[in-house]
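Q: Have a look at this one.
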Amino acid sequence: MKYRFWTLLGFGIYLTISFVLLLSLLVLRAWVAVELKTLLSYLLIDTTLIFLATMFSLYFKTKRKQFLYFAITGLIPSVVAVPFFEKSIFEARNRLSGKQEVLELTYIAWGCDHANWVRVDDFQKYAGKLDDSLAQRSIFIEPADDKIKIPDTLISIHSTVRFKGQFYVNKGYPKRYISFENPPKARIFRYTEYSIIGK
């Protein structure tokens, strides 16, 4: 009886943790919070794997079918969560191009969440257009190190900054980027140096 109590208690704790993680992924589904979604996805997968390993171990040890039933039931949160797993956990991480570049970018404060930087020549060429030509050419920036992150106090509308660094190969979002509006992915420039050349 005592053995059964501890088994049911463990199963209850596992389901509680799994459903909390699942609920968190559901809440985040409309946000862009890549690192957080990835972390929650891995936690749910790891929790499920540990639980399954425990249940199968107990089944082979005791030959009680109830552990197989627990294992099957325990898969439900992870199966339900599959559409909400952050895509990056199934793909190779975005890699740098390997080509060092120097860009002069202008800061734009859009009316909604969007990549906030464009090349100076693109800004001059497309700023007056009524279509989304400029938005399509916008760029995210990402510091190679938090120590060189540009303070918000140094940036104003149409500030011009010279960056040195590399583009990531694929479009996406910079590290630690969070948005509640799910903006379109854009090119990401990872910079190692910057200097403000105009405001």
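Read-outs throughout are calculated quantities, based only on the coordinates presented, and are distinct from any laboratory measurement. None of these values were measured; they are calculated from a predicted model. With ideal geometry, Cβ positions are generated from the backbone for all residues, glycine too; neighbour counts draw on all protein chains shown.
Q: Using a Förster radius of 30 Å, what is the FRET efficiency between Ile17 and Phe180 based on their Cβ-Cβ separation? Nearest 0.05, please.
A: 0.70
Q: Hey, another quick one. If I fit a long axis through the Cα atoms of helix 2-27 and take the longest principal axis of the Cα atoms of the chain, what angle between them do I get, 0 to 90°, rounded to 10?
A: 20 degrees
Q: Any aspartates and glutamates with Cα under 15 Å of the Lys175 Cα? List them, leaving off those in the same chain fewer than 8 positions away.
A: Lys175 reaches Glu35, Glu86, Glu142, Asp145, Asp146.
Q: Multiplying the sequence separation of Ala109 and Arg95 by 0.36 nm and subtracting their Cα-Cα distance, what value in nm do you get?
A: 2.3 nm
Q: Right, something else. Just subtract the alpha-carbon distance of Ile196 and Val82 from 0.36 nm times their residue separation and send over the number in nm, one decimal.
A: 36.6 nm
Q: What nm value, rounded to one decimal, do you get for the distance between Asp146 and Leu75 when each label is placed 7 Å out toward the C-beta?
A: Rounded to a tenth, the inter-label distance reads 4.1 nm.
Q: Based on DSSP H runs of at least 4 residues, each adding -39500 (n - 2.57), what is the mean residue ellipticity at 222 nm of the chain after dividing by all its residues, to the nearest 500 deg cm²/dmol?
A: Calculated mean residue ellipticity at 222 nm is -13000 deg cm²/dmol.
Q: Next question. How much length, in nm to one decimal, is gained on full extension between Leu26 and Leu43, taken as 0.36 nm per residue of separation minus their Cα-Cα distance?
A: Roughly 4.7 nm would be gained on extension.
Q: Too long at a 21 Å Cα-Cα cut-off: which of Lys37/Lys171; Lys37/Lys185; Lys37/Lys147; Lys129/Lys171?
A: Lys37/Lys147; Lys129/Lys171
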